[in-house]
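Encoded as structure tokens, the structure appears first; notes follow it.
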Amino acid sequence: MGTKASRQEKAGQIIRGPHRMVTAMIAFPSSVRVWLAVRRTDMRRGMNGLALQVQQALGRDPHAGDLYVFRVARACASAP
């Protein structure tokens, strides 16, 4: 009795356990700091431009092992 796997299951995003379904996540050590950008970021800057932004705005080394999350400039306010 094979069932058809969903797109997420095929991509490895969902793990089925004996009692529940769990979404797979990226795990990183608790020593890693996560920095969230509050303002929109122009992603056309590329990796070097984003690293420069981290250096200038935060005064941090972008290669020190912390995680930086940027918000894209074209964020939709609502879905159709």
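The values are calculated or read from the model by the stated rules, or taken from the named source; none is laboratory data. In this text, all values refer to a predicted model and were calculated from it rather than measured experimentally. No Cβ is skipped: glycine too gets one built from the backbone with ideal geometry, and neighbour counts run over all protein chains shown.
Could you go through segment 21-34 and let me know if any residue there is loosely packed, with under 12 Cβ neighbours inside 10 Å, of a type in the set (S, T, N, Q) and modelled with pLDDT under 85.
Among the residues of segment 21-34, at least one is loosely packed, with under 12 Cβ neighbours inside 10 Å, of a type in the set (S, T, N, Q) and modelled with pLDDT under 85, which makes the answer yes.
Can you tell me which of (1) touching a Lys or Arg at 6+ places or on another chain (Cβ under 7 Å); (2) modelled with pLDDT of 90 or more is the one Ala73 doesn't meet?
Of (1) touching a Lys or Arg at 6+ places or on another chain (Cβ under 7 Å); (2) modelled with pLDDT of 90 or more, only one is false for Ala73: (2).
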